[in-house]
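*Asks:* My structure is below; once you've seen it, I'll send some questions.
The values are calculated or read from the model by the stated rules, or taken from the named source; none is laboratory data. Since the model is a prediction, treat every value here as computed from it, not as a measurement. Note that each Cβ is placed from the backbone with ideal geometry, even for glycine, and that neighbours are counted across all protein chains shown.
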Amino acid sequence: MSAWIVRRLAAAIAIVLAAVTLTFFLLHLAGGSPCGQRDVQSVAPEVCARLRAQFGLDRPIWEQYGKYLWAVLHGDLGQSFWQRRPVIAALGDAMPNTLVLAGTALLIDFTLGLALGVYQAARARRFGDIALGNAALFVNSMPTFWLGLVLLLVFGQWLHLVPVGGTHDPVLCARLDSLHCVGDRLWHLALPALTLGLVGAAATARYQRAAMLEVIAQDFVRTARAKGLRERRVLLVHALRNALLPSITLFGLAFPFLVTGAVLVEWVFAWPGMGWLAVMAIGQRDYPVVTATALVASGMVTVGNLLADVVYAAADPRIRVRGA
Amino acid sequence: MTEPLLRVRDLKTYFVTEHGSGTARAVDGVSFEVYPGETLGLVGESGCGKTVTSLSILRLIPEPPGHIRPGSFIEFEGRNLLTLAPRELRAIRGNRIAMIFQEPMTSLNPVFTVGDQIAEAAIVHQGLSRRRARARAVEMLKLVGIPDPAERVDHYPHQMSGGMRQRVMIAMALVCHPKLLIADEPTTALDVTIQAQILELLDRLQRDLGMAVMLITHDLGVVAGTADRVVVMYAGEVVEQAATGELFARPLHPYTEGLMASVPRIDTRVSQVRGRLHSIPGQVPAATAWPAGCRFHPRCPYAWDRCRQEAPPPLDAGAGEPGAHTVRCWLLTEPQRRSARA
Ligand SMILES: Nc1ncnc2c1ncn2[C@@H]1O[C@H](COP(=O)(O)OP(=O)(O)OP(=O)(O)O)[C@@H](O)[C@H]1O
Ligand SMILES: [Mg+2]
């Protein structure tokens, strides 16, 4: 078991390294500098040359790459061209926002997705199942940002039920005690988290329904019924425990979805998280920040997958016992 | 004679097949009874409806595609199981009637320990505490001859062999001391030596616990050693039923004759033959298209015109009490045809 974890960890590190390398060189090809936005040269050439030297951009690319990796290994992600402060500081501001959004979305995704999937499987091919199946397909086939925009338009713009963007109301929060500010933050969180969570839940429900149906057809479910158990216990204990195992893998797969989804949703809802930061940085050709967001995103995805694998191994007695 | 424990009358269980190939009449008018404490053997080739019959008794038929036709009647301890409310039915399942299945490898839940799975029925039906139920599970494992029961109780099914799992299934079925045990080919999936052990175990437990057993098999050799009475099924119908001694002494249906010819030594407890019946030409037709007339006529060496046109009802063979030995065969009305062929 421990050898297996070591192997998986090595693979995870290799993946993160590959992602960083790819981002680094791709961005270099795209060009850009601390001298100004896009192709507009806003500073004098000699100032620009000094800035380039300051950021080490006058060195050969291999040297830059080596230095960058070395610095990253020591916890230094460099300086932001655009924000003129350490990248770490920019990430430090954005990260909690993303974690709150993605965490809430993940919660909605799995609670709603699992519940719907189990309900659908229990009523397979009847009205409730078909109606929910079509609704899930509809949500699933819409682009995330478009769903976000529609929700924003309906609930924010027309119905004025929720704020249209940001994480909180700074004016309001300045006057309120922290407890009330939490309420305001949740208020702001509702729509972006729901957008991301709903899209995830639609996929999770479809997957969970299929997993449940597969399990329900198995012999041991018939054994459970033959024992005289209630149908609820047959489904929620005997069948679900088995159908949850594949969903743990789904949990791992949800991370890449959340990372890419967060980029779109954060942009639509002006939610200053990692995705929003990445989009802003790309617009500003702020490579150190873009590379760092790629590093963190790939790190999150691989750690998520690793976690899912470990939990799976711990949850399935057939693997658990053999490995112990 | 005593009242039967279970009385099945005109049971019809049909399946509506998806790709429009019609309705599979898997069980089509089956009647028999099981008396308290006896062993009833239910015999027939693969696909003749044995499993569907036994699942119908506990209403475990997947619905859709299956359904039990109106007019069917299954009476257990004086109550019609087919009209019971779900609550009352649950009180019978696993408690008064228990079942063990054909497939020991897949009939246990892989994510629960065998102890938990055995204890579950005791908790649900007898209201035992978890601790008491666990102690009962250990007792049951010991009863079915599993070594180190106190340790095995915490094992998962995948840690056990097929024979062990079938013992666990038996322990699970018997934990509430049911009045009737339905054993659907409990040994088909097991090695021959293990088969004999499991059958002996069932035999011993039946005597100790005083329950009735409905033993389903495609092997007449198994039935000869264990059953008091035998019901022979073919193509969704009961074609012959009689006391075991009577049946082996005087098999009247040509299908029963064929089954017997395929068992090399019917006096052995466990036959060495598994599955295939070489002495009956052809195979069981599809349940969606039973032959007209007598369903066995395409494979019957004696068949004549009447057999092709008219389905025989169960006819009394006139041995002992009325209904003690019945046969669905026109040969009973014209016995000279049998000797003419022989
Ligand atoms: N779930 C189902 N859907 C459709 N048809 C079914 C289903 N279950 C059983 N049948 C039909 O019922 C017929 C009888 O099946 P059954 O399982 O009772 O046979 P059996 O006598 O138990 O055979 P075996 O010895 O192979 O277990 C099958 O041939 C099949 O056509
Ligand atoms: Mg069967």
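*Asks:* Could you check the range A:204-291 for helices (runs of 4 or more DSSP H) lying wholly inside it with 1 or more residues that are more than 14 Å from every other protein chain (Cβ to nearest Cβ) and surrounded by fewer than 24 Cβ atoms within 10 Å (Cβ to Cβ)? Walk me through how you get there before you give the answer.
*Replies:* Details: elements: A:219-226, A:240-268, A:274-283.
Here the list reads A:240-268, A:274-283.
*Asks:* Quick one: is B:THR39 more than 16 Å from ligand 2 (Cβ to nearest atom), over 30 Å from B:HIS158 (Cβ atoms) and among the hydroxyl-bearing types (Ser, Thr, Tyr)?
*Replies:* Working: more than 16 Å from ligand 2 (Cβ to nearest atom): yes; over 30 Å from B:HIS158 (Cβ atoms): yes; among the hydroxyl-bearing types (Ser, Thr, Tyr): yes.
When the stated conditions are applied, B:THR39 passes them.
*Asks:* Among the residues of the range B:1-21, which ones are within 16 Å of ligand 1 (Cβ to nearest atom) and away from chain A (no Cβ under 14 Å)?
*Replies:* Taking the range B:1-21 as the starting set, the residues that turn out to be within 16 Å of ligand 1 (Cβ to nearest atom) are B:8, B:11-21.
Scanning the range B:1-21 gives B:VAL8, B:LEU11, B:LYS12, B:THR13, B:TYR14, B:PHE15, B:THR17, B:HIS19, B:GLY20, B:SER21.
*Asks:* Would you please name the residue that is surrounded by the most Cβ atoms within 10 Å (Cβ to Cβ), looking only at residues in the range B:321-342 that are within 25 Å of the chain's Cα centre (by Cα) and over 17 Å from B:GLU257 (Cα atoms)? Outline the logic, then answer.
*Replies:* First, pick out the residues of the range B:321-342 that are within 25 Å of the chain's Cα centre (by Cα): B:321-329.
Now narrow it down to the ones that are over 17 Å from B:GLU257 (Cα atoms): B:321-324.
Numbers: B:GLU321: 8, B:PRO322: 9, B:GLY323: 12, B:ALA324: 16.
Out of the qualifying residues, it is B:ALA324.
Yes/no matrix, rows are residues, columns are (1) away from ligand 1 (no atom under 16 Å from the Cβ); (2) on the phi > 0 side of the Ramachandran plot; (3) crowded, with 21+ Cβ neighbours inside 10 Å; (4) more than 14 Å from every other protein chain (Cβ to nearest Cβ):
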position: B:PRO149; (1), (2), (3), (4): yes, no, no, yes
position: B:ALA173; (1), (2), (3), (4): yes, no, yes, no
position: B:ALA183; (1), (2), (3), (4): no, no, yes, no
position: B:ILE194; (1), (2), (3), (4): yes, no, no, yes
position: B:MET211; (1), (2), (3), (4): yes, no, yes, yes
position: B:MET214; (1), (2), (3), (4): no, no, yes, no
position: B:GLY221; (1), (2), (3), (4): no, no, yes, yes
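Each row is one residue, and each column tells you yes or no for (1) among the aliphatic types (A, V, I, L, M); (2) at pLDDT 75 or above; (3) within 28 Å of the chain's Cα centre (by Cα).
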position: A:ILE5; (1), (2), (3): yes, yes, yes
position: A:LEU22; (1), (2), (3): yes, yes, yes
position: A:LEU26; (1), (2), (3): yes, yes, yes
position: A:CYS35; (1), (2), (3): no, no, no
position: A:SER42; (1), (2), (3): no, no, no
position: A:PRO45; (1), (2), (3): no, yes, no
position: A:PHE55; (1), (2), (3): no, yes, no
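*Asks:* Also, quick follow-up: Given the conditions (1) outside any helix (DSSP H, G or I); (2) more than 11 Å from every other protein chain (Cβ to nearest Cβ); (3) under 26 Å from A:ARG233 (Cα atoms), which single one is not true for B:ARG132?
*Replies:* The single condition B:ARG132 does not satisfy is (1).
*Asks:* I'd like the full set of residues that are closer than 16 Å to B:GLY236 by Cα and not in a loop (DSSP other than H, G, I, E, B), limited to the range B:287-325. Give the derivation first.
*Replies:* Of the residues in the range B:287-325, the ones closer than 16 Å to B:GLY236 by Cα are B:287-299, B:311-314.
Passing the criteria: B:HIS297, B:PRO298, B:ARG299.
*Asks:* Starting from the range B:176-192, keep only residues that are outside any helix (DSSP H, G or I), then list their pairs with residues that are hydrophobic (A, V, I, L, M, F, W, C) and within 16 Å of ligand 1 (Cβ to nearest atom) whose Cβ atoms are within a distance under 6 Å, requiring at least 6 positions of separation or different chains.
*Replies:* These pairs meet every condition: B:ILE182/B:MET99; B:ILE182/B:MET214; B:ALA183/B:ILE100; B:ALA183/B:LEU215; B:ASP184/B:PHE101; B:ASP184/B:ILE216; B:GLU185/B:ILE216; B:PRO186/B:ILE100.
*Asks:* Within the range B:8-34, which residues are closer than 20 Å to B:ARG229 by Cβ and surrounded by 17 or more Cβ atoms within 10 Å (Cβ to Cβ)?
*Replies:* Taking the range B:8-34 and keeping what is closer than 20 Å to B:ARG229 by Cβ, we get B:8-11, B:27, B:29-34.
Correct list: B:VAL8, B:LEU11, B:VAL27, B:GLY29, B:VAL30, B:SER31, B:PHE32, B:GLU33, B:VAL34.
*Asks:* While we're here: Restricting attention to the range B:50-63, and to residues there that are near ligand 1 (Cβ under 9 Å from one of its atoms) and not β-branched (Val, Ile, Thr), which single residue is surrounded by the fewest Cβ atoms within 10 Å (Cβ to Cβ)?
*Replies:* If we filter the range B:50-63 for residues that are near ligand 1 (Cβ under 9 Å from one of its atoms), which is where we start, we get B:50-55, B:61-62.
In the following step, the residues that additionally are not β-branched (Val, Ile, Thr) were identified as B:50, B:54-55, B:62.
Working: B:LYS50: 25, B:SER54: 22, B:LEU55: 23, B:PRO62: 12.
This residue is B:PRO62.
*Asks:* Can you find even one residue in the range A:153-162 that is surrounded by 21 or more Cβ atoms within 10 Å (Cβ to Cβ), closer than 20 Å to A:VAL265 by Cα and touching a Gly at 6+ places or on another chain (Cβ under 7 Å)? Don't jump to the end; show me each part of the working.
*Replies:* Here is the first cut: in the range A:153-162, the ones surrounded by 21 or more Cβ atoms within 10 Å (Cβ to Cβ) are none.
No, that holds for no residue.
*Asks:* So in the range B:109-125, with the set limited to residues that are buried (at least 24 other Cβ atoms within 10 Å of the Cβ) and within 7 Å of chain A (Cβ to nearest Cβ), which one is nearest to A:ASP316 (Cα to Cα)?
*Replies:* Filtering first and then ranking leaves B:ASN109.
*Asks:* Give the residues of the range B:77-102 that are at the interface with chain A (Cβ under 8 Å from one of its Cβ atoms) and either crowded, with 21+ Cβ neighbours inside 10 Å or touching a Cys at 6+ places or on another chain (Cβ under 9 Å) (or both), sorted by residue number.
*Replies:* Result: B:ILE92, B:ARG93, B:GLY94, B:ASN95, B:ALA98, B:MET99, B:PHE101.
*Asks:* Among residues belonging to the range B:42-74 that are more than 16 Å from ligand 2 (Cβ to nearest atom) and within 14 Å of another protein chain (Cβ to nearest Cβ), point out the one that is nearest to B:THR256 (Cα to Cα). Write out each step before concluding.
*Replies:* Taking the range B:42-74 as the starting set, the residues that turn out to be more than 16 Å from ligand 2 (Cβ to nearest atom) are B:59, B:63-65, B:67-74.
Subset that is within 14 Å of another protein chain (Cβ to nearest Cβ): B:59, B:63-65.
Working: B:ARG59: 29, B:GLU63: 32, B:PRO64: 33, B:PRO65: 31 Å.
Among residues in the range B:42-74 that are more than 16 Å from ligand 2 (Cβ to nearest atom) and within 14 Å of another protein chain (Cβ to nearest Cβ), the one nearest to B:THR256 (Cα to Cα) is B:ARG59.
*Asks:* Looking only at the range B:7-29, which residues are away from ligand 2 (no atom under 14 Å from the Cβ) and under 19 Å from B:GLU240 (Cβ atoms)?
*Replies:* Of everything in the range B:7-29, those that are away from ligand 2 (no atom under 14 Å from the Cβ) and under 19 Å from B:GLU240 (Cβ atoms) turn out to be B:ARG7, B:VAL8, B:ARG9, B:ASP10, B:LEU11, B:ASP28, B:GLY29.
*Asks:* Mind listing whichever residues of the range B:216-233 are out of contact with any His (no Cβ under 8 Å at 6 or more places or on another chain) and assigned to a strand (DSSP E or B)?
*Replies:* Listed by number, the residues that qualify are B:ILE216, B:THR217, B:ARG229, B:VAL230, B:VAL231, B:MET233.
*Asks:* If you don't mind, there's one more thing I want to ask. Let me confirm something: among B:ALA24, B:ALA91, which residue is away from ligand 1 (no atom under 15 Å from the Cβ), hydrophobic (A, V, I, L, M, F, W, C), in contact (Cβ under 8 Å) with a residue 12 or more places away in the chain and not in a loop (DSSP other than H, G, I, E, B)? Let's see the steps before the verdict.
*Replies:* Working: B:ALA24 fails: away from ligand 1 (no atom under 15 Å from the Cβ).
Being away from ligand 1 (no atom under 15 Å from the Cβ), hydrophobic (A, V, I, L, M, F, W, C), in contact (Cβ under 8 Å) with a residue 12 or more places away in the chain and not in a loop (DSSP other than H, G, I, E, B) holds for just one of B:ALA24, B:ALA91, which is B:ALA91.
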